[in-house]
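The structure appears right after this line, and notes come after that.
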Amino acid sequence: MKNTIWVIAVLLLAFLGDRAGGYVLGKITHDSQFRYSRLYRGGENCDLLFAGNSRGLIFYQPYIEEKTGRPTCNLSYNGMPMDLAAVLIKDFLDRNSHPRILVLDVTMLDKRMDSRLVTGFNCYVPFSERLSDLMRDSFANDFFAGQVAHLYRYNSEVFQRAFYYLKKSDEDWLLDRVISPTLQKEVEKQAEFDYEFTPDMLASLAGVVNYATQKGVRVALVVNPYYPPFAEKIGNLPALKKAIEQATGLTVHDYSNSISGVEGFGDYQHLNKNGAKEYLDKLMEDGILGVSEDLGGGDRF
Amino acid sequence: MPARLLAYYFEKMIFNSLTFLVFVAAFLPVYFMLKGRARLWWSLAGSYLFYGWWDWRFLTLIAISTLVDYYLGLRMGQTEGEKERKHLIWMSMVLNLGFLGFFKYFNFFTDSFVSMLQGFGLNPSIHTLNIILPVGISFYTFQSMSYTIDVYRRQLEAEPSLLKFATFVAFWPQLVAGPIVRASDFLPQFQKDHDWDWNRFTSGTAQVLWGFFKKVAIADSLAPFVDQCWHEPMAFTSVNLWIAVIFYAFQIYCDFSGYSDIAIGFARILGFDFPENFRTPYFSQNFSEFWRRWHISLSSWLRDYLYIPLGGNRGGKLMMYRNNMLTMLLGGLWHGANWTFVFWGFLHGLYLIAQRLLGKSFGNLMRQLYFPAFLKTGINITLVYAFTCLAWIFFRSPNFGIATDVITNLVGFENFNYVSIMNKFIVMKGFLLITMLLAVEISDLKIQWGGVVQRSPLFRVASFAVLLWLIAFFGTFGSNAFIYFQF
């Protein structure tokens, strides 16, 4: 009898602790200043919305806000796959005031993106029907594990970042180093590669473009810069652009080879802070960020 | 639940899988309901199901190995003539090592032979075979061999019951990744039925939970960072490689010792006592001590069945060095069919020899410097850990090119700074988990947590619940296989 009691006590304590811990961590997630917490809390009011994978982090918000005087939001995350980006953007548009321009880095359309990243967003599942559906469809085991053990929902880098940005802004999230000489040499040795995009990804992107357009948001599709010797290794960039243009009816603005100085790169796929500023100046000059023209909305780029 | 999901869930039979959870839930109640031969049959059936879940074809191999060693053991037990006994032990060696050699090393030696001929300008057309490596073959082969060798040495009576012997070879808790339990330790434990025992259940469960925490929370959390760095070492800055090397040392420790803990824990619940397989190896102050603390069941196997028969410490210093080196080289090769494993063994052989050659002078130097004891201990532990990490680089690398890249990048110290760390969140989590591990292991030296779990019901309830929370919060799930399964 005594032994049975302690087994029940373990299970009860484990359950209660899990629920209590889950509640506290859920509160942290909700109250955080991290981009997705702000997204799901609602009430964000920005003119410019950005999305992409880690390469989308170069939409350096403090600089854009300083230059344009317009509030910005960025939904980019390392390895962001297109299906997850689509969910986040749609949720953003449903819960926050509509931005005037949505800028998307289309290099998310690649199978090599981290499809498991969706599981990292388990901590936001209680806030979003769409996210919940995506997780249940793609990673049912993680979804159900999160239902059984609430602590499991917060078992991810995404939650760690939400915790880290609990009281501070995440707008400064950008590489601040210069590509090393070894890495520069390493690029030369790399083989040519292709983007591996699928019809599903194209449909997902087209869905986002339509959804945003219906809500009066102008959409700009861009290819952010690569370290030039690396950009030369991409075999099918024209094919990717063409497929996207056919699927969305929008022009893809190709900046893949637009920054030449080594000093502007943190590694061969990412600009650093200096490079990001140089690139953003170009986007502003070209009117992609809507500075040189009317920000009336509704049109497509 | 859709069939697709069921297929996914029940794909693998490993400790950190749903398949295993279902297996244990079905196995344990019936096991304790049965007695005598019925229980043995149930254990054998469960073990064969556990193993056959990987690939039913593996069962043929383990069954042949079991039948032949059982028969040879019996014959040896009935035979007095030394010549015939020698004959029989050779047959056992040839069969066991033949299986191991063919399934694990055939392609390796063929490739190496072809490369060697190509080095002489020849171009032979020798083809390798498409051979599946049976999971855990190295473990059960060594376990089975220990039986025939002990019977040959007259240190163990031949086991008359085929059922007991087959269960000994295939016992599921330690079948695929050890610990390698000697027949002389294990077979006598089949003599009596083990009734359900709450004390064994609590201490076994504690060890199982601790093992799970080490595997799914620590090892599998460190793995992605390590894998990324090793995949393309030159693409990452030096500081990342340093972190990856430190992480790998703990990844492999937690992965392997985690498996051992789970195996030992389940065996204890079932009524069997297995020897410990790891004893805080990274606190070793010299390499002999390291090998008394790391994969103890293998190192003691190699000592008793290889090093000592080779001559051990007898025959002068040179012979001892040779025996040390041969044992470590073969120990390296046991791990896998790759020259990097052999080189890993070579490095450890070298460390053991260097320790014997320089250990005394180093000790004298420490004494002359009047370092306090704790500092000397710290220096010794750090040195052993650092050299162990150096060897792990070769163990982890698929080839010497990658190992060279890792080392070149490590010693280059290019961009060795905080901002160059690739993913600070994963790194912080990794170091937090390592700190937790070390805190428990260091405190365990004084407190003996296992004893506290037994004595204090309150602590037991709290510690089990905390471990479950930690596993849920830090665990990486998705049925990541254990590293040592490949060996």
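Prolate is the label for the stretch A:1-90, because a/c, from the alpha-carbon gyration tensor with a ≥ b ≥ c as root eigenvalues, is 1.5 or above and a/b exceeds b/c. Scanning the protein assembly as shown for cysteines with no neighbouring cysteine C-beta under 4.7 angstrom from their C-beta gives A:Cys123, B:Cys229, B:Cys254, B:Cys389.
For the stretch B:199-486, the fraction of alpha-carbon pairs lying more than 31 Å apart is 34 percent, rounded to a whole number. Angle of helix A:82-95 to the longest C-alpha principal axis of chain A, folded into 0 to 90 degrees and rounded to 10: 80°. Peptides B:357-370, B:180-193 ranked from most to least packed give B:180-193, B:357-370, packing being the mean of other C-beta atoms within 10 angstrom over each peptide's residues.
Take the Cβ atoms of B:Lys376 and B:Leu59, set R0 to 41 Å, and the FRET efficiency comes out at 0.20. Here the relative contact order of the stretch B:10-193, from alpha carbon pairs under 8 Å that lie six or more residues apart, stands at 29 percent. Listed by chain and number, the lysines whose C-alpha is less than 20 Å from the C-alpha of A:Lys67, apart from same-chain residues fewer than 8 away, are A:Lys273, A:Lys277, A:Lys282. Rounded to 0.05, the FRET efficiency of the B:Asn399 and B:Ser112 pair, given R0 = 22 Å and the Cβ-Cβ distance, is 0.95.
Beta-bridge orientation, the stretch A:2-285: approximately 5 percent antiparallel, per DSSP, counting only bridges with both partners inside.
Which of rounded, prolate, oblate describes the stretch B:218-290, given a ≥ b ≥ c as roots of the alpha-carbon gyration tensor eigenvalues and a/c under 1.5 marking rounded, otherwise prolate only if a/b is larger than b/c? Oblate. Rounded to the nearest Hz, the phi-derived 3J(HN,Hα) couplings of the stretch B:182-188 under the Karplus curve 6.51 cos²θ - 1.76 cosθ + 1.60 (θ = phi - 60°) are 5, 4, 5, 8, 8, 4, x, where x marks glycine and proline.
Residues whose amide H comes within less than 5 Å of that of A:Ala220, counting only those at least five positions distant or on another chain, are A:Leu102, A:Val103, A:Leu104 (H built at 1.01 Å from N in the peptide plane). The mean number of Cβ atoms from other chains found within 10 Å of a Cβ in peptide A:177-183 is 5, as a whole number. Among beta bridges from DSSP that stay inside the protein assembly as shown, the antiparallel ones total about 5%. Before anything else, pin down the relative contact order of chain B: Cα pairs under 8 Å, at least 6 apart, normalised by residue count, whole percent. Relative contact order here is 19 percent. When peptides B:272-284, B:327-339 are ranked by their average number of other Cβ atoms within 10 Å per residue, the highest-first order is B:327-339, B:272-284.
Each helix, a run of at least 4 DSSP H residues, gives -39500 (n - 2.57); summed and divided by the residues of chain A, these come to -14500 deg cm²/dmol at 222 nm.
How large, in percent, is the carbon and sulfur part of the accessible surface of the stretch A:1-145 at a probe radius of 1.4 Å? About 56 percent, which is the carbon plus sulfur part of the accessible surface.
Taking amide H as placed 1.01 Å from N in the peptide plane, A:Tyr195 has its amide H under 5 Å from the amide H of A:Gly235, A:Asn236, each at least 5 places away in sequence or on another chain. Straight-line cross-link partners of B:Lys214 among the aspartates and glutamates, defined as a Cα under 17 Å from its Cα and at least 8 positions apart when in the same chain: B:Asp255, B:Asp261, B:Glu276, B:Glu441, B:Asp444.
Against the main long axis of the alpha-carbon atoms of chain A, helix A:273-285 sits at an angle near 60°. Taking the Cα centre of chain B as origin and assigning +1 to Lys and Arg Cβ atoms and -1 to Asp and Glu Cβ atoms, the resulting dipole is close to 900 debye. Across the stretch B:465-472, rounded Karplus estimates of 3J(HN,Hα) from the backbone phi angles (6.51 cos²θ - 1.76 cosθ + 1.60, θ = phi - 60°) give 5, 4, 4, 5, 5, 5, 5, 5 Hz, Gly and Pro being marked x. Between A:Glu263 and A:Lys2, the FRET efficiency estimated from the beta carbon spacing at R0 = 60 angstrom works out to 0.25.
For chain A, the longest principal axis of the Cα atoms and the long axis of helix A:2-31 meet at an angle of about 30 degrees. Secondary-structure-derived ellipticity at 222 nm for chain B, considering helices only, amounts to -22500 deg cm²/dmol, per-run term -39500 (n - 2.57) for DSSP H runs with n ≥ 4. Here each label is just a point 7 Å from Cα along the line to Cβ, and for B:Asn123 and B:Asp227 those points are 3.9 nm apart. Backbone amide hydrogens, once placed in the peptide plane, bring A:Leu271 within less than 5 Å of A:Gly266, excluding anything fewer than 5 places away on its chain. Fully extending the segment from B:Ser288 to B:Met366, taken as 0.36 nm per residue of separation minus the present Cα-Cα distance, adds 26.2 nm. Counting only other chain Cβ atoms within 10 Å of each residue's Cβ, the peptide B:402-414 averages 1.
From Cα pairs below 8 angstrom and at least 6 apart in sequence, can you work out the relative contact order of chain A, rounded to a whole percent? Worked out over chain A, it gives 22 percent. Summed over both chains, the area buried between B and A is near 2900 Å², taken from the accessible surface of protein heavy atoms with a 1.4 Å probe.
Checking every one of the trypsin sites (Lys or Arg not before Pro) in the stretch A:44-135 against DSSP loop status and a limit of 16 other Cβ atoms within 10 Å picks out A:Lys111, A:Arg112, A:Arg116. Heavy-atom accessible surface of chain B, averaged per residue, reaches 44 Å², computed with a 1.4 Å probe.
Sort the stretch B:368-487 into rounded, prolate or oblate with this rule: let a ≥ b ≥ c be the square roots of the eigenvalues of the Cα gyration tensor; rounded if a/c is under 1.5, and if a/c is not under 1.5, prolate when a/b is larger than b/c, oblate otherwise. Because a/c hits 1.5 or more and a/b fails to exceed b/c, the stretch B:368-487 counts as oblate.
Residue ranges A:198-208, B:387-397 sort as B:387-397, A:198-208 when ordered by packing (mean number of other C-beta atoms within 10 Å per residue, highest first).
The values are calculated or read from the model by the stated rules, or taken from the named source; none is laboratory data. None of these values were measured; they are calculated from a predicted model. When we count neighbours, we look across all protein chains shown, and the Cβ atoms used for this are built from the backbone with ideal geometry, even at glycine. The accessibility values were calculated without ligands, DNA or RNA, using every heavy atom of the protein model including side chains. Shrake-Rupley method; radii C 1.70, N 1.55, O 1.52, S 1.80 Å.
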